[in-house]
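Everything on this sheet refers to the single structure shown next.
The values are calculated or read from the model by the stated rules, or taken from the named source; none is laboratory data. Quantities reported herein were computed from a predicted structural model and do not represent experimental measurements. Methodologically, a virtual Cβ is constructed for each residue, glycine included, from the backbone with ideal geometry; neighbour enumeration extends over all protein chains shown. Note: accessible area is taken over every heavy atom of the protein model, side chains too, but ligands, DNA and RNA are not part of it. Shrake-Rupley method; radii C 1.70, N 1.55, O 1.52, S 1.80 Å.
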Amino acid sequence: MPSVYRRYGLYNLDLAQIKGIGVKRVQALNRMGIFTPSDLLLRFPDMYIDANALITRDLRDGDSVSFLGEVVSPAKRSFIRRGLSVVNCGISNNGITVRCSWFNQPYAARGLAVGDKVYVVGRIKRFKSSVQAVNPTLLAPRSDDGDIVPVYKTAMPSRVFEAAVAAALGNVRIGSYIPKDTAEKFGVLPLRNALQCVHFPRDLMELTIARRSVAIENLCYVITSYRLIKNDGRDFVYSAPPDTVSTFISSLPFRLTDGQAAAIDGIISAMRSEKLVNMLVQGEVGCGKTVVALAAMYHAAKSGVQSALMAPTEVLARQHYASMIKFLEPLGIKTQLLCASMTQKQRDDALFNIKYGNADCVVGTQSLISDGTVYKNLRLVIADEQQRFGVNQRAKLENKGAGTDMIVMTATPIPRTLALSLYGELQQIEIRSVPENRPAIHTSVVPSVKIDNMYNYIIKKASEDERTYIICPRIESSDDELTSVEDIYKKLKNTSAADIVGCIHGKMKDAEKNAVMSDFKSGKIKILVSTTVVEVGIDVPEATSVVIFDADRYGLAQLHQIRGRVGRGTKESYCFLVNENGTPESESRLKDFCKLGDGFSVSELDFKLRGAGDFVGLRQHGSGNLEIDVNVIERARGISDVIVNDKYTADLIAQSFKSPEFIRSVTMN
């Protein structure tokens with residue numbers, strides 16, 4: 001996303017221009033993916049410390065705590081065994097002493113002396129009458145701290161990041177798309193004030209109002225953007241006969257489900273209507289949306305025009321390309337892949353084929369919307385896993401052609417209330433049925449005492465040529481308790497499965513990820529340790545088990561998406577949820593999830609429990625959530641009504657499609 005800002009040059013203000021953010025700090029922020037003041041200001045605190053909070057003796061195992069405490073016993077380092085040391089320090093609040101422990105972090109409590117005050121952020125472990133916090137985060141109090149202190153869990157210390165945010169807020173003006181009188185009418189804070197309060201709240205009530213204001217502003221931008229996508233009468237008619245797609249369907253080596261057949265009929269009917277297609281296709285995980293997309297692309301090709309399918313990852317794009325080769329090319333349709341890992345010659349050849357019409361159907365990642373990609377006669381655009389793309393990214397692909405039809409697809413069903421609010425102008429198609437003979441996926445929460453049994457099970461299954469995904473929330477070890485790919489990969493490398501274990505994550509180059517996935521599909525790798533990079537679209541029929549560590553950290557819709565990586569063959573499959581550090585509430589939520597196998601019912605429960613952030617992209621990566629409820633949706637929709645009827649503001653938002661950002665401008669004071 002930051003590279004998009006830079007490419008289009010819509011924000012002339014550079015971080016280095018802001019007083020107080022020096023060159024070294026700018027470089028550190030760039031390494032974190034933060035390139036502009038907007039990036040910085042939209043990286044919200046992960047949590048907040050209430051300086052007046054008092055802990056109580058009824059703390060439960062797994063509870064998260066944040067408090068201002070006093071050091072009552074000095075930090076002391078001891079060795080448990082060779083290569084493993086621990087630093088212990090006693091910190092008291094409300095007469096309760098919490099033993100803070102850091103493993104292999106000799107400088108964790110450096111400089112602390114008895115009587116010092118310090119903020120503590122961590123998760124509680126109970127041992128009979130003692131209370132412990134393992135690897136907690138410490139922050140030194142400052143004289144200018146308010147009652148609410150923000151905490152940023154980033155690659156740089158929280159206080160350093162906080163200082164960069166403060167410098168930005170103190171030196172820039174922030175423009176909003178929402179007119180001032182409209183914002184006041186709907187009870188929305190001015191965007192600059194809201195961002196100030198989100199980062200530096202004076203009290204919890206102010207924080208709540210500010211977060212809702214930012215959420216409304218962002219959601220209003222999303223809704224308005226969708227509404228401004230034109231749905232005028234078309235200037236082009238698909239010339240292929242109505243029964244053209246029957247040729248494609250009859251060539252398939254399998255029978256379509258009723259849901260797939262109905263979806264194809266609905267799409268072809270819409271393509272042949274008088275209005276441009278603006279459609280949302282929602283399907284259950286594994287329902288076979290790809291073949292529905294290919295049917296539409298076949299119809300377009302037979303009408304003499306191009307179509308493009310954009311996928312969020314190269315692994316998924318290549319998988320779609322393999323399907324195109326298998327199902328479309330035998331019917332005389334010319335296909336083309338375009339992605340970042342291609343050699344220069346491969347890329348040049350692909351761009352030539354796309355530009356001069358040697359490719360009927362194109363599939364790729366965001367390379368499809370790069371400035372150098374020119375289409376001969378693009379008329380149909382399909383975005384797979386639409387929640388991974390911004391409105392403007394889809395609009396940019398749509399604008400590569402003249403009067404293009406747009407279909408967006410998702411395997412993360414969106415609750416109907418939210419879908420109607422967000423996509424009211426879009427035709428919606430749901431595919432609830434899945435192909436026959438799909439095996440059941442049994443889901444269960446694995447208690448700590450049975451984790452070794454789980455490992456033994458997946459190693460045994462590997463010996464029977466079955467595959468397992470192991471999903472972790474982090475790539476590398478950190479000072480919190482989250483499980484990392486690095487930790488699990490090392491653990492399995494010391495077992496009998498050492499030769500059949502691989503790992504994949506977002507920091508790897510596309511070529512590396514493609515090679516690992518190829519080995520996993522072929523069976524050279526049978527146990528794949530990964531982040532959620534594999535959550536969408538990956539199809540390995542031999543995969544029968546998926547383990548999700550720290551399952552409480554994911555929304556239920558995302559858990560269902562990950563669970564859908566298995567059960568794609570003929571054997572019964574299993575999803576194991578590991579929740580060692582969860583709370584009783586998260587345990588209950590996961591048990592409810594285990595009872596639900598339908599993605600639509602999962603999404604409704606997730607919306608009820610967590611709001612709409614996961615569905616509309618308002619959960620910042622690694623930062624706090626923006627809670628979306630019915631009231632927020634209604635207010636955002638009401639403001640959108642005003643904006644759509646205001647030609648000047650509507651034109652500004654329409655022009656902003658080039659930049660994936662709901663902040664209108666950031667300029668120097």
Excluding ligands, DNA and RNA, what is the solvent-accessible area per residue of the chain at a probe of 1.4 Å, expressed in Å²?
43
Can you tell me the length gained on complete extension of the stretch Asp646 to Ala440, counting 0.36 nm per residue apart and subtracting the Cα distance?
69.0 nm
Given unit charges at Cβ for Lys, Arg (+) and Asp, Glu (-), the dipole magnitude of the range 163-306 about its Cα centre in debye, nearest 20, is 320
At R0 = 22 Å, FRET efficiency that the Cβ-Cβ distance of Met508 and Ala155 yields, to 0.05:
0.75
Got a sec? Which residues in the range 272-305 would a label at Gln428 touch, if it sits 7 Å along Cα→Cβ and we count backbone N under 14 Å?
279-284
Please report the antiparallel percentage of the DSSP beta bridges confined to the chain, to the nearest 5.
40
If R₀ is 45 angstrom, what is the calculated FRET efficiency for the pair Ser92 and Ser601, using the beta carbon separation as r and rounding to 0.05?
0.45
Evaluate the charge dipole of the range 225-369 about its Cα centre and quote only its size in Debye, nearest 20, assuming +1 on the Cβ of each Lys and Arg and -1 on the Cβ of each Asp and Glu.
200
Quick one: if the Förster radius is 41 Å, what FRET efficiency do Lys355 and Asp519 give, using the C-beta to C-beta distance and rounding to 0.05?
0.75
Checked the range 230-293 against the a/c 1.5 cut and the a/b vs b/c comparison, axes a ≥ b ≥ c from its Cα gyration tensor; verdict oblate
Would you work out the charge dipole size for the chain about its Cα centre, treating the Cβ of every Lys and Arg as +1 and the Cβ of every Asp and Glu as -1, and quote it to the nearest 20 debye?
1380
Given points 7 Å out from each Cα along the Cα-Cβ axis, report the Phe254 to Asn377 separation in nanometres with one decimal.
3.3
Here the longest stretch of the chain that holds no GluC sites (Glu not before Pro) in a DSSP loop having at most 11 other beta carbon atoms within 10 Å is 1-273
Carbon-plus-sulfur fraction of the accessible area of the range 116-256, 1.4 Å probe, in percent?
55
Length added when fully stretched, Asn193-Ser239, from 0.36 nm per residue minus Cα-Cα
11.1 nm
List the lysines whose alpha-carbon lies under 21 Å from that of Lys76, not counting same-chain residues fewer than 8 positions away?
Lys117, Lys125
Kindly report, to the nearest 10 Å², the accessible surface of Cys220 as traced by a 1.4 Å probe over protein heavy atoms only.
0
Amide H neighbours of Ile628 at under 5 Å, excluding residues fewer than 5 places away on the same chain, with H built from the backbone geometry, are Ala612, Gly613
Taking Cα atoms of the range 218-373, Rg/Rh with Kirkwood Rh, to two decimals?
0.96
Of all trypsin sites (Lys or Arg not before Pro) in the range 73-112, which ones are in loop regions per DSSP and have a Cβ with at most 14 other Cβ atoms within 10 Å?
Arg82, Arg110
Cα gyration tensor of the range 432-566, axes a ≥ b ≥ c as square roots of the eigenvalues: rounded (a/c below 1.5), prolate (a/b > b/c) or oblate?
rounded
Expected unfolding gain across Lys24-Asp145 under the 0.36 nm per residue rule, minus the alpha-carbon gap, is 41.0 nm
Estimated translational D of the range 54-141 in µm²/s (Stokes, Kirkwood radius over Cα pairs; 20 °C; 1.002 mPa s):
165
Label zone at Thr667 (point 7 Å along Cα-to-Cβ), backbone N below 19 Å, the range 177-211
177-181, 190-193
For the cross-link pairs Lys460/Lys526; Lys345/Lys396; Lys461/Lys571; Lys275/Lys400; Lys153/Lys507, which exceed 22 Å when the distance is taken from alpha carbon to alpha carbon?
Lys345/Lys396
Got a sec? Which residues in the range 486-522 would a label at Ile451 touch, if it sits 7 Å along Cα→Cβ and we count backbone N under 15 Å?
486-493
Classified through the alpha carbon gyration tensor (a ≥ b ≥ c as square roots of its eigenvalues; rounded if a/c is under 1.5, else prolate when a/b is larger than b/c, else oblate), the range 175-249 comes out prolate
To one decimal place, what orientation-averaged projected area in nm² is obtained for the convex hull of the Cα set of the chain?
30.2
